[in-house]
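Engineer: Starting off with a structure, shown below.
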Amino acid sequence: MVYVSRKEHFNAAHKLSNPAWSKEKNAEVFGPCANENWHGHNFDLIITVKGDPDPETGFVIDLKKLSMLIRTEVVEKVDHKNLNLDVDFMRDKMASTENLAIEIWRILSPAVPRVSARAQLHSVRLFETPRNYVEYFGD
């Protein structure tokens with residue numbers, strides 16, 4: 001089993017706020033991330049797939065095709081967007097990095113095998129900052 005990763009980048013804004021809570025409780029729990037006027041991040045997204053290399057090409061997956069898949073299915077939908085307001089797959093969800101990683105998994109997991117029958121999604125690693133990231137391996 002070989003693990004192959006592709007890194008992509010996007011910028012997005014969001015706000016962490018539970019609508020059932022008061023403004024004060026949101027500020028207490030989420031701090032500046034509950035800013036009424038949103039805040040943004042420069043996200044790095046690393047998608048890892050796994051599989052056995054094709055004996056003819058040596059590839060588990062063509063990285064150019066994986067990059068195009070990530071860009072069309074995820075990056076184009078979130079880049080320079082407000083995750084709370086503009087991104088359909090985040091509608092009615094807390095716009096945490098954890099939930100964003102789960103939703104990216106749900107989009108890419110069925111799509112990766114369509115690009116390469118040899119590959120399956122292994123993990124979604126999403127960096128919100130250079131020091132904070134989430135990694136998701138599926139349900």
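Engineer: So, in segment 92-108, of the ones that are out of contact with any helix residue (DSSP H, G or I) (no Cβ under 8 Å at 6 or more places or on another chain) and modelled with pLDDT of 95 or more, which residue ends up nearest to N42 (Cα to Cα)?
Structural biologist: Checked segment 92-108; the qualifying residue nearest to N42 (Cα to Cα) is T97.
Engineer: Shifting gears a bit: When you check K64 against the structure, is it out of contact with any Asp or Glu (no Cβ under 8 Å at 6 or more places or on another chain) and either buried (at least 17 other Cβ atoms within 10 Å of the Cβ) or in a helix (DSSP H, G or I) (or both), yes or no? Before you say what the answer is, go through the steps one by one.
Structural biologist: Numbers: out of contact with any Asp or Glu (no Cβ under 8 Å at 6 or more places or on another chain): yes; either buried (at least 17 other Cβ atoms within 10 Å of the Cβ) or in a helix (DSSP H, G or I) (or both): yes.
Judged against the criteria, K64 is a match.
Engineer: Here is a list of conditions, (1) small (G, A, S); (2) without any contact (Cβ under 8 Å) to a residue 24 or more places away in the chain; (3) part of a strand (DSSP E or B), and S123 meets all of them except one; can you say which number that is?
Structural biologist: Every listed condition holds for S123 apart from (2).
Engineer: Is it the case, given these coordinates, that A27 is in contact (Cβ under 8 Å) with a residue 12 or more places away in the chain, among the small types (G, A, S), surrounded by 14 or more Cβ atoms within 10 Å (Cβ to Cβ) and more than 18 Å from V124 (Cβ to Cβ)?
Structural biologist: no
Engineer: Then there is this: Within segment 74-91, work out how many residues are exposed (fewer than 14 other Cβ atoms within 10 Å of the Cβ) and closer than 19 Å to L126 by Cβ.
Structural biologist: Looking only at that region, the number is 4.
The values are calculated or read from the model by the stated rules, or taken from the named source; none is laboratory data. This structure is a prediction, so every number in the text was calculated from the model and none was measured. Quick reminder, even Gly has a Cβ in these numbers, built from the backbone with ideal geometry, and neighbours come from all protein chains shown.
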